[in-house]
């Protein structure tokens, strides 16, 4: 993995009551890069993000951000340090307007002129939000709510953006648009990204480095280019085996027709 880590997670264990959700997970996110975490439902991906952002305290292990320990720090302090979390399901404020949601994202900032400039910058990425500025978030489509959730996080001027399943429930066209913006934010703003995503293909095409989580443990870690070449990744996450089986069935049927 190239570059100094902006985030370092070391041997964390987190629980929901008596149930261990992640088991000795260690990972790093280099500054200025996109890192993805892949895994099936229930593998522990969301728990990792919650532990990093302070929503959930680990029982063991440590989290460092820019070399500073943030383990068990209050979530608002973690936001102040430069980490913004876009949770699964978006969780925008439904009865606040788009403008008010964006203002909530900048709640901890004191630079009103900078906030105004950043709102205009957001509209360059997501022009649809400008058209709906006065609308309550509950009236937005799923894709527009995801745009708003990402924009609200960006309003805190993060150094590291945690994204949990940004493609969830969106059409393929909208998924492509959202991930294009994620790449732009990373390239143009220099924001590091830790991305949890079940759409393995687009995650691996977007990120620089990837981790694979199974039953709360890291079982594979490599560059996304090499992960995409892995037979296990192709079979279990990219559907190569299923596509091959479909092709074989089509071929057998064709031979039968002859």
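The number of residues in the range 1-20 being free of Cβ contacts under 8 Å to residues at least 12 places away in the same chain and touching a helix residue (DSSP H, G or I) at 6+ places or on another chain (Cβ under 7 Å) comes to 0.
Does the range 72-84 contain any residue that is in contact with a helix residue (DSSP H, G or I) (Cβ under 8 Å, 6 or more places away or on another chain) and loosely packed, with under 12 Cβ neighbours inside 10 Å? No, every residue in the range 72-84 fails to be in contact with a helix residue (DSSP H, G or I) (Cβ under 8 Å, 6 or more places away or on another chain) and loosely packed, with under 12 Cβ neighbours inside 10 Å. The set of residues in the range 1-23 that are on the phi > 0 side of the Ramachandran plot and at pLDDT 95 or above contains only 11. If the condition is being more than 14 Å from the chain's Cα centre (by Cα), within 25 Å of residue 115 (Cα to Cα) and without any contact (Cβ under 8 Å) to a residue 40 or more places away in the chain, then the range 151-206 contributes 177, 187, 188, 189.
Selection over the range 48-70 of residues that are crowded, with 16+ Cβ neighbours inside 10 Å, in a loop (DSSP other than H, G, I, E, B) and touching a residue at least 40 places away in the same chain (Cβ under 8 Å) gives a count of 3. Here residue 183 meets each of (1) within 25 Å of residue 80 (Cβ to Cβ); (2) modelled with pLDDT of 95 or more with one exception, condition (1). For the range 118-138, filtering for residues that are crowded, with 18+ Cβ neighbours inside 10 Å and not in a helix (DSSP H, G or I) leaves 2. Tell me whether the range 21-35 contains one or more residues that are outside any strand (DSSP E or B), touching a residue at least 12 places away in the same chain (Cβ under 8 Å) and over 21 Å from residue 228 (Cβ atoms). Scanning the range 21-35, I find at least one residue that is outside any strand (DSSP E or B), touching a residue at least 12 places away in the same chain (Cβ under 8 Å) and over 21 Å from residue 228 (Cβ atoms), so the answer is yes. Filtered by the rule that a residue be modelled with pLDDT of 95 or more, more than 16 Å from residue 87 (Cα to Cα) and out of contact with any helix residue (DSSP H, G or I) (no Cβ under 8 Å at 6 or more places or on another chain), the range 25-56 gives 26, 28, 29, 30, 31, 35.
Scan the range 1-20 residue by residue and report those that are within 16 Å of residue 215 (Cα to Cα) and not in a strand (DSSP E or B).
18
Go through the range 36-47 and give me each residue that's in a strand (DSSP E or B) and more than 9 Å from the chain's Cα centre (by Cα). Give the derivation first.
Of all residues in the range 36-47, those in a strand (DSSP E or B) come to 36-38.
Listed by number, the list holds a single entry, 38.
Residue under question is residue 87, and the condition is that it be surrounded by 14 or more Cβ atoms within 10 Å (Cβ to Cβ), closer than 16 Å to residue 146 by Cβ and out of contact with any helix residue (DSSP H, G or I) (no Cβ under 6 Å at 6 or more places or on another chain); does it hold? It is true that residue 87 is surrounded by 14 or more Cβ atoms within 10 Å (Cβ to Cβ), closer than 16 Å to residue 146 by Cβ and out of contact with any helix residue (DSSP H, G or I) (no Cβ under 6 Å at 6 or more places or on another chain).
The values are calculated or read from the model by the stated rules, or taken from the named source; none is laboratory data. Given the structure is predicted, the values throughout are model-derived calculations rather than measurements. Note that we place each Cβ from the backbone using ideal geometry, even for glycine, and neighbour counts take in every protein chain shown.
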